[in-house]
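This report refers to the structure that appears directly beneath it.
The values are calculated or read from the model by the stated rules, or taken from the named source; none is laboratory data. These numbers were taken from a predicted model, which means no experiment stands behind them. All Cβ positions, glycine included, derive from the backbone under ideal geometry; neighbour counts span all protein chains shown.
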Amino acid sequence: MTAPLSTNTDFSCSLVACVLYWAFWMYGLPRLGKYRIRQETLILDNDVLTHKLVKVPVSQLEKWDETHDAAGRTVDVRVSDTPNNPQSGVNSFEKS
């Protein structure tokens, strides 16, 4: 037996409403609030990998993208080899 047409229409309308809500929450609100949503990868005590969505202000977005990969994992940033850097010439890494 097939479902009545009104049930399928209600489901479709609900699905469209959910997609619109998600799009507004992920793209509309961040634009209005001058932040962006980024994913952060966390490792729990029992080595379980999980993800967390965080708000990153637009002013800090470039630094966030430099210190995190596309999956949200923190990456090591190599210390630049410049004359003004006191660690110049040292093979060291630092986390930001």
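Annotations
- When Arg31 is tested against the conditions (1) out of contact with any strand residue (DSSP E or B) (no Cβ under 8 Å at 6 or more places or on another chain); (2) exposed (fewer than 10 other Cβ atoms within 10 Å of the Cβ), the lone failure is (2).
- Cross-chain or 6+ apart pairs with Cβ under 8 Å, the range 14-38 first and closer than 20 Å to His68 by Cα, then small (Gly, Ala, Ser) and surrounded by 10 or more Cβ atoms within 10 Å (Cβ to Cβ): Arg38/Gly72
- Those residues of the range 12-22 which are of a type in the set (A, V, I, L, M, F, W, C) and surrounded by 11 or more Cβ atoms within 10 Å (Cβ to Cβ), in sequence order: Leu20
- Selection count where residues are surrounded by 12 or more Cβ atoms within 10 Å (Cβ to Cβ) and either in contact with a Gly (Cβ under 8 Å, 6 or more places away or on another chain) or not assigned by TED's automatic domain parsing to the domain that holds Thr74 (or both), scope the range 38-54: 4
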